[in-house]
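Peer 1: Handing you a structure now.
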Amino acid sequence: LLKAATRELGPEQYKKKNLIEAWTARRLLSQLHIDDQPFGGRIHLFVGPGGQGKTSMIARIASHFVVKKKKRVALLTVDRFKIGAAEQLRIYGQILNAPFSLIRDRSEWHEKLHAVSSADVILVDFPGFGLRTAEEIDAFQRLLPPSDVHVRTHLVLSATCRDAEAFEAGRRYAAAKYEDVIFTHVDSA
């Protein structure tokens, strides 16, 4: 971006911080696509590294669907590793009168989805894997739904993480075939 700014702005304008910031913002905004229907579809998977705010964000999205959209929501988690996350979603499910269930492995997907078949929207929380080792990648892939289950996958990243970490997470989670990125902690960034 800086090399392109140097070419397009010229040497005199390139020294002006405000012009560089404005040029960069315009360039980024012209290349970004903001999804106007991020929650089209019925089943949504939320994946990403640990500590990014996936579980809390799912609770906020569920509240939005129940309160504002008057939709029936079901909350599922495949995060059997972090007990607090499952308990947090279970409590939010009780508050929102939304069914909650834990999926332990790929073989349970059809059974659990059948149990919540009356829900308009199904939000699924995934554990925060680093996906740095073959074992983590294998464990993650064993939790993904079977190929006949149609889902929309969202990569969740904190706006406070460093650029290099965000790009690396995007690369590592490519196996999940995520369709978009949701940024949490925007108010803190």
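The values are calculated or read from the model by the stated rules, or taken from the named source; none is laboratory data. Just so it is clear, the model here is predicted, and its values are computed rather than measured. Cβ placement follows ideal geometry from the backbone for every residue including glycine, while neighbour counts extend to all protein chains displayed.
Peer 1: Quick one: in region 1-26, which of the residues that are small (Gly, Ala, Ser) and in contact with a helix residue (DSSP H, G or I) (Cβ under 9 Å, 6 or more places away or on another chain) is surrounded by the most Cβ atoms within 10 Å (Cβ to Cβ)? Lay out the reasoning, then the answer.
Peer 2: Going through region 1-26, the residues small (Gly, Ala, Ser) turn out to be 4-5, 10, 22, 25.
Keeping just the survivors that are in contact with a helix residue (DSSP H, G or I) (Cβ under 9 Å, 6 or more places away or on another chain) gives 4-5.
Working: Ala4: 11, Ala5: 17.
Checked region 1-26; the qualifying residue surrounded by the most Cβ atoms within 10 Å (Cβ to Cβ) is Ala5.
Peer 1: Next up: Taking the residues in region 75-86 that are out of contact with any helix residue (DSSP H, G or I) (no Cβ under 8 Å at 6 or more places or on another chain) and aliphatic (A, V, I, L, M) as candidates, determine which candidate is surrounded by the most Cβ atoms within 10 Å (Cβ to Cβ).
Peer 2: Pass one, region 75-86, residues out of contact with any helix residue (DSSP H, G or I) (no Cβ under 8 Å at 6 or more places or on another chain): 81-84, 86.
Subsequent filtering for residues that are aliphatic (A, V, I, L, M) retains 83, 86.
Working: Ile83: 9, Ala86: 22.
So, considering only residues that are out of contact with any helix residue (DSSP H, G or I) (no Cβ under 8 Å at 6 or more places or on another chain) and aliphatic (A, V, I, L, M), the one surrounded by the most Cβ atoms within 10 Å (Cβ to Cβ) is Ala86.
Peer 1: Only residues that are more than 14 Å from the chain's Cα centre (by Cα) and crowded, with 21+ Cβ neighbours inside 10 Å: list them for region 36-74, please.
Peer 2: Result: Val73, Ala74.
Peer 1: If you don't mind, another one. So which residues in region 137-156 are assigned to a helix (DSSP H, G or I) and under 20 Å from Gly53 (Cα atoms)?
Peer 2: Those that are assigned to a helix (DSSP H, G or I) and under 20 Å from Gly53 (Cα atoms): Phe140, Leu143.
Peer 1: Suppose the filter is touching a His at 6+ places or on another chain (Cβ under 8 Å), surrounded by 14 or more Cβ atoms within 10 Å (Cβ to Cβ), closer than 23 Å to Gly84 by Cα and of a type in the set (A, V, I, L, M); does Val124 pass it?
Peer 2: yes
Peer 1: Run down Arg132, Arg152 and say which single residue is among the basic types (Lys, Arg), within 26 Å of Pro99 (Cβ to Cβ) and surrounded by fewer than 20 Cβ atoms within 10 Å (Cβ to Cβ).
Peer 2: Going through Arg132, Arg152 in turn, the sole match is Arg152.
Peer 1: Here is a further query. Being free of Cβ contacts under 8 Å to residues at least 40 places away in the same chain and over 19 Å from Gly50 (Cβ atoms) is the filter here; which residues of region 66-89 pass it?
Peer 2: Once the filter is applied, which keeps residues that are free of Cβ contacts under 8 Å to residues at least 40 places away in the same chain and over 19 Å from Gly50 (Cβ atoms), region 66-89 yields Val66, Val67, Lys68, Lys69, Lys70.
Peer 1: Considering region 11-62 alone, what residues qualify as being modelled with pLDDT under 85, among the aromatic types (Phe, Trp, Tyr) and within 30 Å of Gly93 (Cα to Cα)?
Peer 2: Once the filter is applied, which keeps residues that are modelled with pLDDT under 85, among the aromatic types (Phe, Trp, Tyr) and within 30 Å of Gly93 (Cα to Cα), region 11-62 yields only Phe39.
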